[in-house]
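As structure tokens, the structure follows; a few thoughts come after it.
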Amino acid sequence: MSQDNTTVAAISWTGHGDGFLTLLDQTRLPEAVTYVNCDNVECVWQAIKKLAVRGAPAIGISAAYGVVLGVRDGAMLPSGAAAATVEEAKQAALAACDYLATSRPTAVNLFWALDRMRGVITTLDEPSSGRVGERLLAEAQAIHEADRLQCAAIGRHGSDLLEALGSGVGIVTHCNTGMLATGGDGTALAVLFALSERGMKPQVFADETRPLLQGARLTAWELMQRGVDVTLICDSMAAPILRDGKAKAVIVGADRITARGDTANKIGTYGLAVQAHYHKVPFYVAAPTTTFDLTITFGSDIPIEQRTPEEITNAFGRRTAPEDVQVDNPAFDVTPAELITGIITERGVISPVTEEAVRAMIGA
Ligand SMILES: CSC[C@H]1O[C@H](OP(=O)(O)O)[C@H](O)[C@@H]1O
């Protein structure tokens, strides 16, 4: 979307295998709709690191396109020169996978997408480095399209579930889980968009989501662009809203979900889940199957990204905390499966959330 309500893509590719990646710069929203054009891997790495592109599926999709750029990026080879042979093209693409994997540690979609690209790189049999780029672009585009379809299916399953809450229902959400975070309509926001398109008129309470304000800057913007009723709240207002019955459900996204259903998501999600549990309000997670990590059972084993103190000590363009104050700035926290009413995936809803139910839905 843009300020004039036309549709813009958060992630797009221009050209063929020798083309370039365009990312909507989310650090500039909502004041400005601007873009970053990447023709090398470091540009993509930096965009992920500084959250110019963010959101678990969007990170994976962007990294997949970054691997395509790696094929002709001399920085990916010891020689510093662009790949001249098929073997050099494959080596450069694998180096791009390894480099992009160091950008952010929590969203498992990043590692899922890179592993899928590695699988293609190691098995492809193309006659030229140019053809290697074309083949990898096709895989990145397939990842992108699959996520778009997953978002739509999550929207369908989630709105089927939440429709029962009735028209005009209040729903709390946290951070941003929409078009800006995925290759399609989103995860939790896809459910809210689908409810709205069914005429259910959801009344969304969007947590501003400190410290980077994805809720205020991005979710409020996306919902308003699509005509969905949204009230922006500071994170600490969710508890009285749940207490007073103004919201009958909470729905959030995820960055990594373990085999038992423990879920890593934006910092503040765990507290919101505790509040919802106390007030007997159902708490849903919406995520595609690419967000599950069945190699991990317990949420305590999920790597949590630590970000810079300045994200907390600086706000409104100035310092808002004493110099040298100690700061703890984890980007995510973990909600145990026991606090999650259901997990909405493109395959259906997992509820109750047990390891048996997760493995049955997601795979062995
Ligand atoms: C649809 S996944 C969105 C997920 O990613 C966000 O984190 P970040 O903004 O740091 O990339 C947040 O945890 C959202 O729930």
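The values are calculated or read from the model by the stated rules, or taken from the named source; none is laboratory data. Everything numeric here is computed off the predicted structure, so don't read it as measured data. Please note: Cβ atoms are built from the backbone with ideal geometry, for glycine as well, and neighbour counts cover all protein chains shown. Accessible surface areas use protein heavy atoms only, side chains included; no ligands, DNA or RNA. Shrake-Rupley method; radii C 1.70, N 1.55, O 1.52, S 1.80 Å.
Summing charges over neighbours of Leu161, with a neighbour being any other residue whose Cβ is under 15 Å away from its Cβ, gives +1 when K and R count +1 and D and E count -1.
Amide H contacts under 5 Å for Ala315: Thr320, restricted to partners 5 or more places along the chain or on a different chain, H placed in the peptide plane at 1.01 Å from N.
Within the chain, which complete DSSP H helices have Cα atoms spanning at least 18 Å along the helix axis and a mean Kyte-Doolittle hydropathy of 0.0 or higher?
Flagged H segments are 56-70, 86-100, 108-123.
Measuring only protein heavy atoms, the 1.4 Å probe finds Lys248 accessible over about 100 Å².
Within the chain, the longest run free of exposed loop sites, counting GluC sites (Glu not before Pro) that sit outside DSSP helix and strand states (H, G, I, E, B) and have at most 11 other Cβ atoms within 10 Å, spans 32-322. Distance between the 7 Å Cα→Cβ label points at Ala82 and Asp328: 4.9 nm. Across q = 0.07, 0.09, 0.10 Å⁻¹, the chain modelled as identical point scatterers on its alpha-carbon atoms has Debye log10 I(q)/I(0) values of -0.29, -0.49, -0.60, in the order of the q list.
Placing pseudo-labels 7 Å out from each Cα toward the beta carbon at Thr14 and Ala152 gives an inter-label distance of 2.7 nm.
What ranking of Met224, Met237, Met200, Met117 comes out by heavy-atom accessible area, probe 1.4 Å, highest first? Provide the component values of the computation, followed by the final result.
Working: Met224 135, Met237 80, Met200 30, Met117 0 Å².
Most to least solvent-accessible, the answer reads Met224, Met237, Met200, Met117.
For the set Ser196, Ser62, the ranking by accessible area, highest first and with no ligand, DNA or RNA atoms included, is Ser196, Ser62 under a 1.4 Å probe.
Overall size of segment 156-362 from C-alpha positions, given as principal axis extents largest first: 50, 40, 34 Å. With a Förster radius of 51 Å applied to the C-beta separation of Glu126 and Asp244, the computed FRET efficiency comes to 0.25. Separation of segment 245-319 from segment 95-129 is 26 Å, based on Cα centroids. Here segment 143-211 and segment 328-362 have alpha carbon centers that stand 16 Å from each other.
Would you mind calculating the gained length between Asn314 and Arg28 on full extension (0.36 nm times residue separation, minus the Cα-Cα distance), in nm to one decimal? Mind dumping the intermediate values first?
Numbers: separation 286, 0.36 × 286 = 102.96 nm, distance 1.65 nm.
Between Asn314 and Arg28, full extension yields 101.3 nm more.
Normalised per residue, the accessible area of segment 68-109 is 37 Å², obtained with a 1.4 Å probe and no contribution from ligands, DNA or RNA. Just checking the listed ones, His277, His157, His16: in the Gaussian network model of the chain with Cα springs under 10 Å, the one fluctuating most is His16. For segment 121-219, the carbon plus sulfur part of the accessible surface works out to 51%, probe radius 1.4 Å. For the set Asp244, Asp324, Asp207, the ranking by accessible area, highest first and with no ligand, DNA or RNA atoms included, is Asp324, Asp244, Asp207 under a 1.4 Å probe. Rounded to 0.05, the FRET efficiency of the Thr102 and Glu145 pair, given R0 = 30 Å and the Cβ-Cβ distance, is 0.65. Converting phi to 3J(HN,Hα) with the Karplus coefficients 6.51, -1.76 and 1.60 and the offset θ = phi - 60°, segment 324-329 yields 6, 5, 5, 9, 10, 10 Hz in sequence order, with x at every glycine or proline. Under the definition of Cα pairs under 8 Å and six or more residues apart, what whole-number percent is the relative contact order of the chain? In percent, rounded to a whole number, it is 15. What lysines could a cross-link reach from Lys266, if we take a straight Cα to Cα line under 25 Å and drop same-chain neighbours fewer than 8 places away? Output for Lys266: Lys49, Lys50, Lys246, Lys248, Lys280.
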